[in-house]
Amino acid sequence: ASGEVGIGNSGEGIYDASSNTVIGGSTNGAGNVVSDNGGGGIISDGNATTIIGNLVGTSADGLSVIGNTVVGIKSGGNNVIIGGDSASERNVIAGTIVGGNFNGSGIVLISFGGGLSGGVVKGNYVGTNINGTIGGGFGNGGFGIFVVGDYSNAVIGGTADGEDNKIVSSGMSGVAVT
């Protein structure tokens, strides 16, 4: 597959329920292209998962939108890291289609009744192409980043170079914490 045309799954692109997993990577070619799925792009319910260097909802070159239907990246685990402080650790999340509730959101940290904590979301491009360019349908239908339920001690962004998230063209708020 060239990665330039959508041939996604009817459900999630990647589903992970184990702990201490790395999805993607920061070396050349280690990231995943996760696009055109009927469910979410990357869904992780494990603890201490690191999700870095992935193109979610884009083509393999990161310049075209091939969106997922429900959510870009969703995590329901403790101490999850999504993104990093370098361009090679950045996730690009674009074109999630279905808006409303957490559906259609770029990145979701979610906990209902589990008392989860410690999620870090930093250095990602949400609603842009790989170069950070806006427009062209790269926006997500829901929130850019959504922290929902009884998820505590989440960190969105940071103070060090490269830890800021670029969040644009969301159908709802750029960042929402409920």
### Whole-Hz ³J(HN,Hα) from phi, Karplus 6.51 cos²θ - 1.76 cosθ + 1.60, for the stretch 124-139, glycine and proline x
9, 9, 10, x, 10, 8, 5, 8, x, 7, 9, x, x, x, 6, x
### Inter-site label distance for Ser173 and Ala160 at 7 Å from Cα along Cβ, in nm
2.8 nm
### Summary
Using alpha-carbon positions, the gyration tensor of the chain gives root eigenvalues a ≥ b ≥ c; with a/c under 1.5 called rounded, otherwise prolate if a/b exceeds b/c, else oblate, the class is rounded
### Query
How large is ³J(HN,Hα), in whole Hz, for each residue of the stretch 150-165 in order, when computed from phi with the Karplus curve 6.51 cos²θ - 1.76 cosθ + 1.60 and θ = phi - 60°, using x for Gly and Pro?
9, 7, 10, 6, 7, 10, 10, x, x, 9, 7, 3, x, 8, 6, 8
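Tell me which chymotrypsin sites (Phe, Trp or Tyr not before Pro) from the stretch 72-166 have a DSSP coil assignment and no more than 13 other beta carbons within 10 Å of their own.
Values: sites: Phe102, Phe112, Tyr125, Phe138, Phe143, Phe146, Tyr151; in loops: Phe102, Phe112, Phe138, Phe143, Tyr151.
Passing sites in the stretch 72-166 are Phe112.
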### Query
What does the accessible area per residue of the stretch 87-168 come to in Å², with a 1.4 Å probe and no ligands, DNA or RNA counted?
38 Å²
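Sequence gap at least 6, Cα distance under 8 Å: using those rules, report the relative contact order of the chain to the nearest whole percent. Working shown, then result.
Details: 612 pairs, mean separation 32.7, N = 178.
Relative contact order comes out at 18 percent.
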### Query
What spacing in nm lies between the two simple spin-label points modelled at Ser86 and Asn131, each 7 Å away from Cα in the Cβ direction?
2.3 nm
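What relative contact order, as a whole-number percentage, does the stretch 73-160 give when Cα pairs under 8 Å and 6 or more residues apart are counted?
38 percent
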### Query
Roughly how many whole Å is it from the C-alpha centroid of the stretch 126-141 to that of the stretch 101-120?
22 Å
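Can you check what the net charge comes to around Thr27, using other residues whose Cβ is under 15 Å from the Cβ of Thr27 (Lys, Arg +1; Asp, Glu -1)? Numbers along the way, then the final one.
Numbers: positive: Arg90; negative: Glu89.
So the surrounding residues net to 0.
The values are calculated or read from the model by the stated rules, or taken from the named source; none is laboratory data. Everything numeric here is computed off the predicted structure, so don't read it as measured data. A quick note on method: Cβ atoms are made from the backbone with ideal geometry, for glycine too, and the neighbour counts reach across all protein chains shown. We work out accessible area using only protein heavy atoms, side chains counted, and drop any ligands, DNA or RNA first. Shrake-Rupley method; radii C 1.70, N 1.55, O 1.52, S 1.80 Å.
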